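Read the structure below first, then the notes.
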């Protein structure tokens, strides 16, 4: 049975349009959905979830022409690194959009992470 926290989270996802003071949900994503518009929506959401907590350093990188971010804990191991690749089928997603979840991995493990930004 789902926990109360899980049920509240699912309820909030289903009714997130209320946070924008809209009476109904936006249309679903289908083949006619504009990819640039979808990317904008994802990036806007990243503003809520992609914030880097205190005690972390964000270092922009270029590795063989690819942009990346190195998320480093202030007090962590220096001899290891997590290499994080996000999904999205080269359509949506970015390092910024995954910054918050990667920071949780980094915090839990005490190991820095490199996130490529191939959006």
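Only the coordinates and a few stated rules stand behind these numbers; no lab work does. Here the structure is a predicted model, which is why all the values come from computation and not from measurement.
With an a/c value of 1.5 or above and a/b not larger than b/c for the gyration tensor axes a ≥ b ≥ c computed over the alpha-carbon atoms, region 48-106 is described as oblate.
For the chain, the longest principal axis of the Cα atoms and the long axis of helix 95-109 meet at an angle of about 60 degrees. Just checking the listed ones, 34, 67, 94: in the Gaussian network model of the chain with Cα springs under 10 Å, the one fluctuating most is 34. Comparing 81, 42, 29 in a Gaussian network model of the chain, where Cα atoms under 10 Å apart are tied by springs, the biggest mean-square fluctuation is seen for 29. Can you tell me the orientation of helix 35-49 relative to the chain, as the angle in degrees between its alpha-carbon axis and the longest Cα principal axis, to the nearest 10? So the helix axis and the longest Cα principal axis differ by about 70 degrees. GNM on the chain, alpha-carbon springs under 10 angstrom: the most fluctuating residue among 80, 107, 96 is 80. Taking 0.692 mPa s as the viscosity and 37 °C as the temperature, the Stokes-Einstein diffusion coefficient of the chain based on its alpha-carbon Kirkwood radius rounds to 201 µm²/s.
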